[in-house]
Amino acid sequence: MRAFLSSLVAACAAVLLFAPTAANAEPVSRLKIEPRTSAFYQYDGSPTGTGPELDAVRVQVQLRDCPAGNYVLWMDLVQDGVSYPVASTALGVGEFSCSATDSAPRLSMGFYGNGLHPGTAQVIATVYRQEDGMPVLVESTRTVRIPAGVNNQP
């Protein structure tokens, strides 16, 4: 019995000494999708700005406890079974960085299409780390509300 208790105490001591403490562990990154999109605005996706204007909305997210590094945000907006394209013609859309002084960036992405309408839509947001073959840092899904109304600014 004494040998058993001695080995049990030794095993517990080893676990306490060699296991990392919760205080030393890095916090887990979290991605919060805002529950409402922006009001509708008009988006011209043509390279020269002379194309037709289409209805668009903007979705906001906040990433918390982001480790320092370079990342890519990708989002999908689906309403009534239709996935709407991202409202941007820029290269590098969704790229951002986190640092020791900015570990909670607020990010957004616009989506366009004349089929968009006030009501609910599903948003899937994924943050990929650019190093190490683009592994997923965090992913989140939420039902958002697209409000009625028009805004002249994206």
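The values are calculated or read from the model by the stated rules, or taken from the named source; none is laboratory data. As the structure is a computational prediction, the values presented were derived from the model and not from experiment. A quick note on method: Cβ atoms are made from the backbone with ideal geometry, for glycine too, and the neighbour counts reach across all protein chains shown. Quick note on the areas: whole protein, heavy atoms, side chains included, nothing else; ligands and nucleic acids left out. Shrake-Rupley method; radii C 1.70, N 1.55, O 1.52, S 1.80 Å.
What to note about this one:
- Pick from segment 22-64, criterion open to solvent by less than 30 Å² (accessible area, probe 1.4 Å) and of a type in the set (V, I, T), ranking: nearest to L107 (Cα to Cα): V61
- Residue satisfying all of: in segment 24-42; closer than 18 Å to S103 by Cα and among the small types (G, A, S); modelled with the lowest pLDDT among these: A25
- Test: T120 is among the β-branched types (V, I, T), surrounded by fewer than 13 Cβ atoms within 10 Å (Cβ to Cβ) and over 25 Å from V57 (Cβ atoms): no
- Here V93 passes the criteria (1) open to solvent by less than 70 Å² (accessible area, probe 1.4 Å); (2) modelled with pLDDT of 95 or more except the one numbered (2).
- All conditions in (1) under 23 Å from D132 (Cβ atoms); (2) open to solvent by 50 Å² or more (accessible area, probe 1.4 Å); (3) over 14 Å from the mean Cα position of the chain (by Cα) hold for S99, with the sole exception of (2).
- Every listed requirement among (1) modelled with pLDDT of 95 or more; (2) hydroxyl-bearing (S, T, Y); (3) closer than 18 Å to S140 by Cα; (4) open to solvent by less than 70 Å² (accessible area, probe 1.4 Å) is met by S83 save one, (4).
- Residue pairs whose Cβ atoms lie under 9 Å apart, separated by 6 or more positions or on different chains, with the first residue in segment 32-45 and assigned to a loop (DSSP other than H, G, I, E, B) and the second among the aliphatic types (A, V, I, L, M) and surrounded by fewer than 16 Cβ atoms within 10 Å (Cβ to Cβ), are A39/A148; A39/V150.
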